[in-house]
Each structure stands twice: as structure tokens, then as C-alpha cells.
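The values are calculated or read from the model by the stated rules, or taken from the named source; none is laboratory data. Computed from a predicted model, the values in this text were never measured in an experiment. Because the Cβ atoms are built from the backbone with ideal geometry, glycine has one as well, and the counts that use them run over all protein chains shown. Remember, those area values only see protein heavy atoms, side chains included, never the ligands or the DNA or RNA. Shrake-Rupley method; radii C 1.70, N 1.55, O 1.52, S 1.80 Å.
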Amino acid sequence: MTATLVKKGQSIDGTRAAFAAMREVGIKPMPMMMHDDTQPLLTIGSARGLLNQVQMLRSAGAMSLQVLLLSPAHGTKLYYETHESGLAYESVNGQPVTPHMVDGNHVVASRAKHPWLRQLNVLIAYTWFYNPVRLMWALVASKSRRGWFVDAAFQAWGMAGLLRNYARSPRWMWHLFRGGRHPVRSSEVPVTRAAACTRWLVRRPRPAARARPQADPPPRHGPVRRGAGRRGGDAARGVLAHSVTKG
């Protein structure tokens, strides 16, 4: 929102105007935020803090909110940088990082000295947005044009999901607090960059097929005169007839 991590032309005033236009046509704003290592939990005098942005989005009319941690995704530049620099965790406190944990809800790669605080900040942000106080306030001053029921239903549904986070996140947070973070080991198999292999992907013209040499006709042992076979046959029949007459 402050264009510090991802710059897409967004701004605070632009976000408020976009949310207001969405609410006018009946679209419920459901923003998603990315919490990086350099973002503080709360700031005074600026909107850089995580809770500052959560409060602003709620005031602008956000019905729901998703806060994700910056995780290396397959196929992105960040994925190769985090693994080559040793920021990605292979295991933490003896607990391996399984593929389902690379979902943006677990700290699996971080430059922070205390990564467990990143995990705690996400829980605090969700609690700031989804809580019984906001549920009661939604019944009085709803952010939805369709009335208090829609806003209150989003709050109740969000608190139900937050209970699952309270049951699962503290275990991983405890492992991060204990330390023992081991980075992902580099592959023992040499990997060639894709840029070096592009020359094999270019379709090259096939070389022209060379003409095969034609075999010479088999040599003849002697000249063959036309009609020689017929005369030889007549002579043989004459000899045979003479032998029969003589006998």
C-alpha cells in the first residue's frame, strides 16, 4: 500500500478511492497484505506499520483481510535468491520445513534476527482486524451497504479461522524462538542455468540430404547379338530331328 516492498502505483489515497468506488457498486473489498522483514508492527506518524495499514484498510471499508508472510515461490526470482543466499530454512529446531508450510502463513525464509516476531506480528494483525469488539461495532455501524448482517458474518467467520491460527501458529513460533535454523543445502547435482540452454531450444534448419550415388549396372561378359538365342534354338531342334529320322 505504501509501495515500499511492491511498487504497482498504489497509494493510500488511491486505495481509499478504489475501495469507495467498489462499495458504491456493491463489491466488497477483500485486500491481501504482504508482511516483510523490514516492516515494523506499529509506527507513529507514518503508515508503514503493519497495524497502521490494517486499521486504514478497515476504515476504508475492507470486509475481510489476508496477511501473508513473504515466502519464496517457485518460478520467481526471490525463490533462487533465498535458496542461494541461505535464507531459506530446511529445518528449524529439528522440525523439517515441509512443502505445505511454504504457503505464506509460516516463516520459512527470513533475514530477521528474531523471525518468531514475524510470526507473532501476523497473529496480532489478524486479531486487530477480527475481534469481538469489531463484531459488536459491525452490528451498529456496518461497513457493508447490504446491512449489518454481512459485515457481522465476515467478522464471525474470520474469528473462527483465527482460532485455528491460534492452535497451529504458536507451535511453529516456539521452534523459531528456540533457534537451530538450518539453511537449505545446495544441490549436489550441477544445475545449468536456463539461459545457457536456450541455444538448444532454437530450431535449426536441417542439413540438406546428400544424393546417394547410383550403383553401376552389372557388367556383361560378352556382347549379345540380337537373334542369337533364336538361331541357337533352331539349330538344336534340327539336330534333334535328324537324330530321330536316322534312328
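Descriptive notes on the structure:
- Residues satisfying the stated conditions in region 98-111, i.e. crowded, with 19+ Cβ neighbours inside 10 Å and either touching a residue at least 60 places away in the same chain (Cβ under 8 Å) or of a type in the set (Lys, Arg) (or both): Asn105, His106, Val107, Ser110
- In the set Leu65, Leu50, Leu70, Leu87, only one residue is open to solvent by 50 Å² or more (accessible area, probe 1.4 Å) and either at positive phi or of a type outside the set (Lys, Arg) (or both); that residue is Leu70.
- Residue pairs whose Cβ atoms lie under 6 Å apart, sitting 6 or more positions apart in sequence or on different chains, and linking a residue in region 48-68 that is under 22 Å from Glu24 (Cα atoms) to a partner that is surrounded by 19 or more Cβ atoms within 10 Å (Cβ to Cβ) and of a type in the set (Gly, Ala, Ser), are Val54/Ala125.
- Residues satisfying the stated conditions in region 29-47, i.e. more than 20 Å from Asn105 (Cα to Cα), surrounded by 15 or more Cβ atoms within 10 Å (Cβ to Cβ) and modelled with pLDDT under 90: none
- Restricted to helices (runs of 4 or more DSSP H) entirely inside region 12-129, those with at least 2 residues that are under 22 Å from Gly179 (Cα atoms) are 77-84, 115-129.
- Residue check for Ser142: open to solvent by less than 50 Å² (accessible area, probe 1.4 Å) and closer than 24 Å to Ser91 by Cβ: no
- Every residue from region 137-179 that is in a loop (DSSP other than H, G, I, E, B) and at pLDDT 85 or above: Gly179
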